[in-house]
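As structure tokens, the structure follows; a few thoughts come after it.
The values are calculated or read from the model by the stated rules, or taken from the named source; none is laboratory data. Quick caveat: nothing in here was measured; it's all calculated off a predicted structure. Ideal geometry is used to build each Cβ from the backbone, glycine not excepted, and the neighbour counts take in all protein chains shown. Keep in mind that these areas ignore ligands, DNA and RNA; they rest on the heavy atoms of the full protein, side chains included. Shrake-Rupley method; radii C 1.70, N 1.55, O 1.52, S 1.80 Å.
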Amino acid sequence: MARRTSRSQNKVLGIDIGGTGIKAAPVDINKGVLLQERFRIETPQPPTPRAMLEVIGQLIEHWNWKGKIGCGFPGVLKRGEVHTAANLSKQWIGINLADQIKKISSCEAVVINDADSAGLAEMKFGAGKEYNKHGGGVVIMVTLGTGIGTALFVDGHLVHNTELGHIEIDGKDAEKRAAASVRERKGLSWKKWGTRVNTYLQTMEKLLSPDLFIIGGGVSKKPDKFFKYIEVKANIVPAEMNNDAGIVGAALAIEL
Ligand code: BGC
């Protein structure tokens, strides 16, 4: 009996909210793996809180979930409340997402920035494992997707809500130049876009002197296309957990 309880405590429903899709799956937070294949629903357009909360409710219902929930969201979150939502509806600002999830599910719920959640997963189970310790130094996870997300770790500790994808370079918001969505939307060559990513990472390096950059987002599956344009002193590696990092990391947030 006791064993059954402890096993179910390892299981957390991870929800990853993105600009194009909202995904969820049960996660074993001790092993860092999905227990079943993720279920995905398109992000409603316009991405208003009402429409998105409805989808979140459908995902929780799909899994018939009664346990703990961890959720990643593409914005700054403080004590469950949304402070920014650059690529979603501004109506999100001021909403307490953790409370809303609790309300629709009656489950215990925590929320975390989406890049922070992907970073947690990579540090614990993926490309950052060796650096996840006292003396591990400074690690920056950069997710290149609809926007640019960042997660900053110092000796394995996460500094929440760094919005370093929005630093200004030559007077322009970095994510408007170097997010993966910009390459697709503007039809940029890998070289042109890779050079923009290089400028971005060199700027980050000048400011923060990281020991490791972990590059996440869908493009991390194609490092051969653009890593050759990047020249930084820090080690640089693609994320290892691919699509799962956001969901696994969201679930891990329950432990923070
Ligand atoms: C948001 C971040 C988010 C990133 C990736 C940015 O536009 O400001 O909070 O982590 O996109 O989704």
### Task
Filter segment 169-182 down to residues that are more than 11 Å from the ligand (Cβ to nearest atom) and touching a residue at least 24 places away in the same chain (Cβ under 8 Å) and give me whichever is surrounded by the most Cβ atoms within 10 Å (Cβ to Cβ).
178
### Summary
Sole miss for residue 220 among (1) open to solvent by 30 Å² or more (accessible area, probe 1.4 Å); (2) of a type in the set (S, T, N, Q); (3) modelled with pLDDT under 95 is condition (1)
### Query
Which one of these does residue 116 not meet: (1) without any contact (Cβ under 8 Å) to a residue 60 or more places away in the chain; (2) of a type outside the set (Ser, Thr, Tyr); (3) farther than 15 Å from residue 213 by Cβ?
(1)
### Query
Among the residues of segment 194-216, is any in the same structural domain as residue 163 (by TED's automatic domain parsing), among the small types (Gly, Ala, Ser), closer than 23 Å to residue 121 by Cα and within 16 Å of the ligand (Cβ to nearest atom)?
yes
### Summary
Per the filter on segment 60-89, residues of a type in the set (Lys, Arg) and in contact with a helix residue (DSSP H, G or I) (Cβ under 9 Å, 6 or more places away or on another chain) are 66, 68, 79
## Note on the structure
By residue number, the members of segment 227-252 that are under 30 Å from residue 41 (Cα atoms), over 11 Å from the mean Cα position of the chain (by Cα) and open to solvent by less than 50 Å² (accessible area, probe 1.4 Å) are 237, 238, 239, 241, 251, 252
